[in-house]
Amino acid sequence: MTGSLGHADAKAKFRHMFSNSRAVNILAAARIFLFASALPSEGKSTSVALTALALAEVGVETLVVNGDFRRPKVEQYLGTAHSPNLADRAELSVDRPSLDEIVQPTDVDHLWIAPSGPATHEVSGRLAAAKEVAAEAAARGGTVLIDSSPLRVSNEPIDLLASVDEVILIVRAGRTTVKSIEDTMDLLEMHQIG
């Protein structure tokens, strides 16, 4: 495994969870997952990376789309290059990279990533590129995990909701409050997810 994902204990727990064929079947039933959290530092990017590694390890063709444009971290966890990326695809240029050029292999079999590009608050073109690459990967039979900005910090996750099959809400013990979870669930339900 490349990158820095923390304790071996957490990695082993994710591996064990996904070695259970029922867990893999549940995830395989849907194609595009949005990983979201209410606020920053709740473990969303780490959860995306660990879930992706566990799925790939059991042979599930997995693509991670880094849709956290404000604090893109998942590339460093998975140890991939930062370019070409969704920002490059968002450029209105004849030289912009194709979808296949954006999707980069990792050191792990069955695992690819579509990197975000440098941190930014200008996200509309990247959102379109993220939706495009996720839809294409799902159409080719892959499982797509989208890392997003926190739901209560930016609108990008809301803009991605129509493009995903399921939302996985990440909460952190001792950090995420019940009120924060309730408010986030209300927000998701308001947008027809829940």
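The values are calculated or read from the model by the stated rules, or taken from the named source; none is laboratory data. These numbers were taken from a predicted model, which means no experiment stands behind them. Quick reminder, even Gly has a Cβ in these numbers, built from the backbone with ideal geometry, and neighbours come from all protein chains shown. Side chains are part of the model used for accessible areas, which takes the heavy atoms of the whole protein and leaves out ligands, DNA and RNA. Shrake-Rupley method; radii C 1.70, N 1.55, O 1.52, S 1.80 Å.
When a/c reaches 1.5 or more, the comparison of a/b and b/c decides; with that in mind, is the range 67-170 rounded, prolate or oblate per its Cα gyration tensor?
Rounded.
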In whole percent, and with a 1.4 Å probe on the protein chains, what portion of the accessible area of the range 28-146 is carbon and sulfur?
51
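If Lys and Arg each add +1 and Asp and Glu each add -1, what is the summed charge of the other residues whose beta carbon sits under 15 Å from the beta carbon of PRO157?
Computed value for this residue: -4.
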Which of rounded, prolate, oblate describes the range 103-156, given a ≥ b ≥ c as roots of the alpha-carbon gyration tensor eigenvalues and a/c under 1.5 marking rounded, otherwise prolate only if a/b is larger than b/c?
prolate
Counting sequence-distant residues (5 or more places) and residues on other chains, those with an amide H built under 5 Å from that of THR176 are none
Amide H contacts under 5 Å for THR143, restricted to residues at least 5 apart in sequence or on another chain and with H modeled in the peptide plane, are GLU61, THR62, LEU63
Rounded to whole Hz, the Karplus (6.51, -1.76, 1.60) HN-Hα couplings of the range 153-159, x for glycine and proline
10, 8, 8, 3, x, 5, 5
Please work out the C-alpha center-to-center distance from the range 90-105 to the range 158-194 and express it in whole Å.
30
Expressed per residue, the solvent accessible area of the range 37-126 in Å² (1.4 Å probe) is about 43
What list of ³J(HN,Hα) couplings, whole Hz, do you get for the range 40-49 from phi and the Karplus terms 6.51, -1.76, 1.60, once you set θ to phi - 60° and write x for glycine and proline?
x, 6, 9, x, 5, 5, 5, 5, 4, 4
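Would you tally the net charge around HIS110, using a Cβ to Cβ cut-off of less than 9 Å, leaving HIS110 out, and scoring K and R as +1, D and E as -1?
Values: positive: none; negative: GLU57, GLU61, ASP109.
Combined, the nearby Lys, Arg, Asp and Glu give -3.
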